[in-house]
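Peer 1: The structure under discussion is supplied below as structure tokens; questions concerning it will follow.
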Amino acid sequence: MKFLGIDIGTSFIKTGLLDLDGLRVAGIARMAFPEPLRGLPPLYREYDPIEIVEVARRLIARTPRVGGIVFCGQMHGLVLADRQGQPLSNYIAWSDQRAADCFDQVASLVGPQARLELGNELRPSLPVSFLYWMARNGGLPEGAIPCSLADFVVANLCRAAPVVEPTQAAAMGALNLATGDWHWPAIERLGLSRLAWPALQPAGGVAGEFDGVPCYAAAGDHQCALAGVLLGEDELSINISTGSQVAAIAPRFEPAAHQTRPYFDGRFLRTVTHIPAGRALNALIALLTELGGCADPWAYLEAAAAQAGPTDLRADIAFFAGACGQRGSLENLHEGNLAAGHVFRAALESMARNYQDCAARIAGPEPWRRIVFSGGLALRSPLLRRLILERFDIGHRLAPSSEETLCGLLILALVSSGRCPDVRAATRSISSTHRGT
């Protein structure tokens with residue numbers, strides 16, 4: 001039996017043919033995510049939602065007939081839709097910052113207790129902030145259904161009212177993690193109760209049919225990727241790519257200073273996101289190679305950093321606002337360490353410190369048995385992994401595949417098809433042959 005997995009990412013929309021008998025992902029295809037709309041104010045980031053649906057539709061048309069379609073997608077964006085899945089707005093992406101000027105009012109109206117119940121993630125670039133801004137500016141149709149991009153794509157393909165699974169619902173910024181329902185008091189205080197908030201659907205729940213094929217409620221791409229690395233309850237996930245996160249599974253919701261997100265099977269994630277990683281390193285590499293003369297700066301700088309050995313130069317690579325600050329630095333420069341290898345080594349050591357600090361924020365009562373490394377940068381840099389592991393006295397393994405979200409969709413397909421009762425069981429069924437070492 002085969003399912004189709006669709007990952008609606010930020011740069012690409014990807015599909016994979018999910019073999020539920022062979023427990024593997026095959027036939028991976030991808031198309032570029034559409035370009036943003038032009039001519040908008042500087043803080044806006046919008047896309048034509050129908051154009052995004054059409055990319056997904058074309059990818060589906062390339063695949064053979066399947067028994068079901070499972071979805072995941074980028075989180076923290078917003079589309080308003082009607083009950084037939086037709087758009088009532090453009091797609092407002094997670095990178096949109098229009099609500100920054102009214103975020104203080106949003107935070108004040110929500111209040112500190114509700115903020116914890118919402119997972120401690122409230123910020124200007126969440127749908128709940130976009131909705132408050134739209135309500136203040138007369139752009140919020142009464143009765144519209146707020147939904148994530150992936151939920152909109154599913155609804156539009158199925159010509160059905162959008163539904164939402166908890167991992168995507170929480171990314172809207174209005175899900176009460178303590179009750180598992182929308183946070184109606186916060187919604188009322190923000191003046192958003194006249195919207196038709198979508199029905200909540202558990203993982204594996206049917207959202208509609210496309211051409212007679214059942215489509216299942218979309219999961220958040222973060223949670224889907226963690227399922228795809230086969231994360232265990234005694235493991236710490238460190239994902240390092242353009243951006244970076246640390247995460248660990250918790251059996252129950254406990255309000256805390258760190259971010260909390262729903263996971264599968266009624267569990268939760270303790271997490272810290274927006275940790276400086278590839279984007280910050282790319283900025284540093286651009287500086288170090290500004291005069292040119294290096295064909296492969298990544299390889300050159302990592303080799304130079306390894307050769308430099310431990311350095312007394314200290315770096316903070318928080319060049320962009322995130323979990324570790326919003327200003328970076330290079331300290332203790334002198335003639336003996338003023339070299340590219342020392343600078344890059346210090347940057348990698350800065351990353352290792354950040355992971356140690358962020359892991360401490362989410363540590364639970366039970367110690368982790370090992371680290372699971374995932375993401376392109378983590379998998380390509382043995383030196384970075386070694387520097388991180390020097391700060392943790394535990395084992396480690398690598399993600400079994402670089403296609404974490406599609407592997408996560410394979411697990412969700414096992415649940416949606418009825419092959420496995422839950423994500424725990426699906427993970428166990430493939431761990432013995434698919435886990436890395």
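The values are calculated or read from the model by the stated rules, or taken from the named source; none is laboratory data. Since the structure is predicted, the reported quantities are computational estimates derived from the model, not experimental observations. Ideal geometry is used to build each Cβ from the backbone, glycine not excepted, and the neighbour counts take in all protein chains shown. Please note that ligands, DNA and RNA were not included when accessible areas were found on the heavy atoms of the full protein model with its side chains. Shrake-Rupley method; radii C 1.70, N 1.55, O 1.52, S 1.80 Å.
Peer 1: On full extension of the chain, what length is gained from Leu383 through Leu37, given 0.36 nm per residue of separation minus the C-alpha to C-alpha distance? Before the final figure, lay out the partial values.
Peer 2: Details: separation 346, 0.36 × 346 = 124.56 nm, distance 4.04 nm.
Gain in length upon complete extension: 120.5 nm.
Peer 1: Then there's this: Over all distinct Cα pairs, what is the inverse of the mean 1/r for segment 41-103, reported as the Kirkwood hydrodynamic radius in Å? Spell out each step's value before the answer.
Peer 2: On the way: mean 1/r = 0.0720 Å⁻¹.
Value: 13.9 Å, from the Cα pair sum.
Peer 1: Collect residues whose amide H, placed 1.01 Å from N in the peptide plane, falls under 5 Å from the amide H of Phe33; neighbours closer than 5 in sequence don't count.
Peer 2: Phe12, Ile13
Peer 1: I'd like the orientation of helix 423-434 relative to the chain: the angle between its Cα long axis and the longest Cα principal axis, in ° from 0 to 90, rounded to 10.
Peer 2: Roughly 40 degrees, rounded to the nearest 10.
Peer 1: Can you bin segment 143-228 into rounded, prolate or oblate? Criterion: square roots of the alpha carbon gyration tensor eigenvalues sorted a ≥ b ≥ c, rounded for a/c under 1.5, prolate for a/b above b/c, oblate for the rest. Write out the running numbers ahead of the final one.
Peer 2: Details: a/c = 2.36, a/b = 1.36, b/c = 1.74.
Taking the square roots of the gyration eigenvalues as a ≥ b ≥ c, segment 143-228 is oblate.
Peer 1: Given R₀ = 25 Å, FRET efficiency for Glu233-Arg189 by Cβ-Cβ distance, to 0.05? Could the numbers behind the result be given before it?
Peer 2: Working: r = 36 Å, r/R0 = 1.42.
Once the sixth-power term is evaluated, E becomes 0.10.
Peer 1: What FRET efficiency comes out for the pair Thr10/Ala425, r = Cβ-Cβ distance, R0 = 25 Å, nearest 0.05?
Peer 2: 0.20
Peer 1: Length gain on complete extension for the stretch Ser402 to Glu290, per 0.36 nm per residue less the alpha carbon to alpha carbon distance?
Peer 2: Numbers: separation 112, 0.36 × 112 = 40.32 nm, distance 3.05 nm.
Gain in length upon complete extension: 37.3 nm.
Peer 1: What accessible area, in Å² to the nearest ten, does a 1.4 Å probe give for His342?
Peer 2: In the full protein context, His342 sits at about 40 Å².
Peer 1: Quick check on the chain: helices-only [θ] at 222 nm, where DSSP H runs of length 4 and up contribute -39,500 (n - 2.57) each and the sum goes over total residues. Nearest 500, please.
Peer 2: It comes out at -10000 deg cm²/dmol, rounded to the nearest 500.
Peer 1: In nm, to one decimal, how far is the modelled label at Ala61 from the one at Asp181, with both set 7 Å along Cα→Cβ?
Peer 2: 4.4
Peer 1: How large is Rg over Rh for segment 190-246, taking Rg from the Cα atoms and Rh as the Kirkwood inverse mean of 1/r across Cα pairs?
Peer 2: 1.12
Peer 1: In the chain, which Cys residues have no partner Cys with a Cβ closer than 4.7 Å?
Peer 2: Within the chain, the cysteines lacking a partner Cβ under 4.7 Å are Cys102, Cys147, Cys158, Cys215, Cys294, Cys324, Cys358, Cys407, Cys420.
Peer 1: Separate question: Which residues make up the longest stretch of the chain clear of GluC sites (Glu not before Pro) that lie in a DSSP loop with no more than 13 other Cβ atoms within 10 Å, not counting the sites?
Peer 2: Maximal segment without exposed cleavage sites: 143-289.
Peer 1: At 0.36 nm per residue, and after removing the present C-alpha to C-alpha distance, how many nm does the segment from Asp19 to Tyr44 gain when stretched out fully? Don't jump to the answer; show the numbers that get you there.
Peer 2: Working: separation 25, 0.36 × 25 = 9.00 nm, distance 4.02 nm.
That works out to 5.0 nm of additional length.
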